[in-house]
Amino acid sequence: MEVFALNALWLGPVVAGGVSLFLSRRMLLGWLVLHGFIQVLLWIYLYEEGEGLGPVWSFLWFSFGSKPFFYAIGLHPVNVWLLLLTIVVGHAALFYAFSDTPRIRSFFALVFILLGFVQGVFLARDVLLFFIFYEASLVPAFLLIYGWGGAFRRAAAVKFAIFTLGGSVLLMIGILWGYVGRVSGVWEEWRAMPLPAGAWLLMTVGLAVKLPLIPLHSWLGEAHVEADTPVSMLLASLLLKLGGFGLLSWVWMDGKEWAFFLRIWGGVSLLYAAAVATAQTDLKRVIAFTSIGHMALVAIGAGSGSMIGIQGAYHQLFTHGIVSAGLFAWIGLVEKQMGGRSLSFLRGIFAGRSRWQLPAVLLFFAAMGVPGTNLFVSELLVIWGVGVGAGWFWAMLPALSLLLTGVYFLRVYRELAQPMGAVQGVDSGIFFSPREAVVWFLIGWVLVGGVYPQPWLELLSYVGP
Amino acid sequence: MGTRWLLWLLFLGGIPLGFWVEEPLLRSAVHITSAIALYTSFYAKERYELYAILYLLSMGGVFLFVHGESLIWIFAGWELVSVAAWGLIVWGRGLRARALEVGLITFLINRLGDVFWLAALFGEGHYPEGFLIGGAIKAGLFPFSFWLVQAMYAPAPVSALLHSALLVSLGVYWLLRYPGWGEGLPTEVMRDVGWVSGLLAAIGAIGSRRPKVTLAWTTAAHLALILSEWPDEAMMRTLLLRHSYLKAALFLLIGVAQKTGYFSPIVGSLAIAATFLLGMGGIGSSTGAMIAEGITAVALGRMFRHVGFGRPEYTIRYLVLIGAVCLLGSFYFMEGLMGSMRIMNAWVGLAIGFGYIFPWRYAWSWRFDKDVAEAFYGLYESWIRLSFFIDRLDFYISKIVDFISYAFLLLASWVARLELFLIRVGWPYIAYNSRRALAWLVQYEQPLLYRQALRWGFLVALMGGFLWRYLH
């Protein structure tokens, strides 16, 4: 049963994607609910089975010379919550999309397949398997950006593909280099000794494209903005996590030696992203650059040189996934209602509409890392980790994130809430829709994770060197 | 009616709950919030549920700060009160342009303090000064008092809340709750900085014309003076609690005066006298601090003169009542008029009189907080400007990347054209001609020239061979 459940966690969505090609729009909704239900059940079963620490399943896939490659998948404290994140955000995005996305069957199929591969990345316990899933996830992501979204989506998709493939080349060379001196690439052996410096650098740069850190971020602004709202949700909350997860799990294992480098890179990236986000006039671009800033915190946590920082970075992967998906969903809602998402166009939409601003305020404050929201916990852990591992001066670097995120989110809020004159309408009531339910669903996760972070922190306490 | 009952519920629940709480600051927070909830239910005309939620949030913040078990929860409490303050300022009088601006400044300056505070909190005791900077910003000590002054835009009960146990006090209270954090701090420097800061804030109080702004300045002055008492924890605790209760009461009083235009001599005098007796009778272990306190007293006296201005005939009654209460209080509560150097009630009486008599309209008005506020706002604006510049940079980076990929595509397209040329023209041409050449080579009837060349070639090779053999 365990073996079945583990495999079904990534094969299930792939099969579901195939099936959804043959269903009508209404049947797709039922299929989505059924699939989500089964996935959650499987996740709960696996979580209960090993209390978040297991199980693992592997067999010898093939061997090349003296190097065996394993098909090894399993649960681990670091991927348990990311698996759930994939299920939650993936199904939320599909629910968000189902009512009016054109070519719905192929859309569902691609998203399901993407979810399967993302689950595979998180589940993989052999570095080669990780790489295979990592590469495979590129194809549906590319097609999703290419096929649905704004006017310049094709250029954005091509750029996304070029960048990610370039990163993958470096990652692949790094992985092959890492095999020198190792018999196999299974989790325990891969992490038992430090990587050679060159392999470390290549893998880090390769994954930094996906994370992304500047100056490798240029694909993100366009891909997130041009993609359709549900695809933006998936990109921000899942695709970026692949980079962060790879960095933390497969590259970052020997603590302090190279921490300095990653800390500085992450810090520069954070300041840069905050500045660019401040200058944006397109709401979606603001959120896109927020993501860069938040993922820079993951890099800083990975380079904190202490276990608390690494735990914080893992936690940040989950929390940012929820928050960014919520923000994109909310912006999609506003865009749908108002017909635009430029700040100058939307100025004053909050005045007199408390229904509109409540989810926005909650999500903005969540992204600002305010207590009571889940991102607060992870940011604090990262800052704490840097303070412990590198000293108080370095701790100011991630702490600056609190200030700078505050600057641009309050600026955006100020624009949106600016009273514009006499006609500040009553609540129109049209705003309520299943899409708003998705936003509130994600906000629920934000608040639960912020008020009661124990289940997350409990598992992360098992994260060791 | 609306949701006013929520605030009454808060009041009815909070008062007994407060007696059950042991920690003094938390108890004062609970009691003050409950009282303010009741006050707000009559003061405000709408948005009761908003007030109730945000009051609860502030109280929760203080609770977390006091009883938080890990550093994360302590910081959560510290931060939560700022968030609640932002909400109260921005939404308290409805969404207005000025409220949004004030909320922005308040929140951002507090976050700036958090950067230092967090570095100190997670720096494992290597950087206690960070607590001091973060605390000074939170408490609104001069030169960071400008946000406190600007936050006076909020309605009176909100100001009362922020200025009592629920926001600014935390900026000093951390020293009492977690004395270990303050271990490496330079006591003498703190004392001197404290009284200088208090003095400047007191002068600011004199210079201000509106009662609420005066109160804001006196808060900055009092908290600085309380901080200068470190490391006398007992004294600081007492003063902080007095400050909390009385500052809340004063703001509520100002709120009443703002609504009605004046307050009755008996209530007003009692309030004023009690303020000076309990709130101020006791600060001043240094001359500078005493002077600062005296000036604060004058400022408060002047403020009450303004408030009572609606009924000039009350002035004499005020003076008599205040003097009597101060005199009696100083004997009963403060060990006699000259019992201790710390008692300044005689001064206070004089100061109030002085505050009434002095022609303040000719006095200078110091608004140096404006410069600091402008500097901070300038910092904010510079960041925005810089962000536009970096955004441009990002645009160019993006364009360079695009250029590289387009150049690559261009190159690829030329290669493809070359390929096409080769396929369409080059290869057929070569193939055709090489076939022709081959055919031409192997055909029987060849041109004369060719045969002759062959013959000559053969001959030359033969002769060369012979020559080579001969030479060797």
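The values are calculated or read from the model by the stated rules, or taken from the named source; none is laboratory data. All of these numbers come straight from a predicted model, not from anything done at the bench. All Cβ positions, even for glycine, are placed from backbone atoms using ideal geometry, and neighbour counts span all protein chains on display. Note: areas computed on protein heavy atoms with side chains; ligands, DNA, RNA excluded. Shrake-Rupley method; radii C 1.70, N 1.55, O 1.52, S 1.80 Å.
Across peptide B:108-121, the mean count of Cβ atoms from other chains lying within 10 Å of each residue's own Cβ comes to 6.
Taking all protein chains as they are arranged and a probe of 1.4 Å, the heavy atoms of residue A:393 leave approximately 140 Å² accessible to solvent. For a paramagnetic label modelled at 7 Å from the Cα of residue A:261 toward its Cβ, which residues of the range A:299-318 fall within the zone defined by backbone nitrogen distances under 13 Å? Correct set: A:303.
P(r) tail for the range A:276-411: Cα pairs beyond 17 Å make up 58% of the total.
From other protein chains only, count the Cβ atoms within 10 Å of every residue's Cβ in B:386-398, then give the mean.
Numbers: counts 3, 12, 5, 2, 9, 9, 2, 4, 12, 4, 0, 5, 7.
Going residue by residue through B:386-398 and averaging, the value is 6.
I need the shape label for the range B:5-54. Rule: rounded when a/c is under 1.5, else prolate if a/b > b/c, else oblate, with a, b, c from the alpha carbon gyration tensor. Because a/c hits 1.5 or more and a/b exceeds b/c, the range B:5-54 counts as prolate. How tilted is helix A:153-178 with respect to the longest principal axis of chain A? Cα atoms for both, answer in degrees (0 to 90, nearest 10). Tilt relative to chain A: about 20 degrees.
Show A:338, B:190, B:463, B:235 ordered by accessible area, largest first, where the area counts protein heavy atoms only and the probe is 1.4 Å. Let's see the in-between values first.
Numbers: A:338 60, B:190 10, B:463 120, B:235 40 Å².
Of A:338, B:190, B:463, B:235, the descending order of accessible area is B:463, A:338, B:235, B:190.
The overall shape of the range B:378-471 is oblate: from the C-alpha gyration tensor, with semi-axes ordered a ≥ b ≥ c, the ratio a/c is 1.5 or greater and a/b is no larger than b/c. Taking all protein chains as shown and a probe of 1.4 angstrom, residue A:193 keeps an accessible surface of around 80 Å².
Taking one equal scatterer on every alpha-carbon of chain A, how large is log10 of I(q)/I(0) by Debye at q = 0.06, 0.10 1/Å? Log10 I(q)/I(0), no solvent term: -0.23, -0.67. Of the listed residues A:269, B:434, A:344, the order by accessible area with a 1.4 Å probe, largest first, is A:344, B:434, A:269. Rounded to the nearest 10 degrees, the inclination of helix A:307-338 to the longest alpha-carbon principal axis of chain A is 30 degrees.
Checking the a/c ratio against 1.5 first, then a/b against b/c, what shape does the Cα gyration tensor give for the range A:1-254? It comes out oblate by the Cα gyration axes. Label separation (residue B:377 vs residue B:45): 2.8 nm, computed from points 7 Å beyond Cα along the C-beta direction.
Ranked by the mean number of other Cβ atoms within 10 Å of their residues, highest first, the peptides A:180-186, B:78-84 come out as B:78-84, A:180-186. Tilt of helix A:434-451 relative to the longest C-alpha principal axis of chain A, in degrees (0 to 90, nearest 10)? It works out to around 60 degrees. Per residue, the protein assembly as shown reaches -24500 deg cm²/dmol at 222 nm when only DSSP H runs of four or more residues are counted, each adding -39500 (n - 2.57). The percentage of C-alpha pairs in the protein assembly as shown whose separation is greater than 46 Å is 38%.
Note on residue B:394: accessible area approximately 10 square angstrom, rounded to 10, probe 1.4 Å, nucleic acids and ligands left out. When all protein chains stay in place and ligands, DNA and RNA are ignored, the 1.4 Å accessible-area order of B:462, A:176, A:442, B:241, largest first, is A:176, B:462, B:241, A:442. Simple spin-label estimate for residue A:25 and residue A:462 gives 4.4 nm between the two label positions (7 Å along the Cα-to-Cβ direction from each Cα). When you restrict to C-alpha pairs under 8 Å that are six or more residues apart and normalise by the size of the range B:71-122, the relative contact order lands at 32 percent. Normalised Debye scattering of the range B:4-259 at q = 0.10, 0.11 Å⁻¹ gives log10 I(q)/I(0) of -0.43, -0.52, counting only Cα atoms as equal scatterers and leaving out solvent.
Shielding of peptide A:191-201 by partners, expressed as the average count of other chain Cβ atoms within 10 Å per residue Cβ, is 0.
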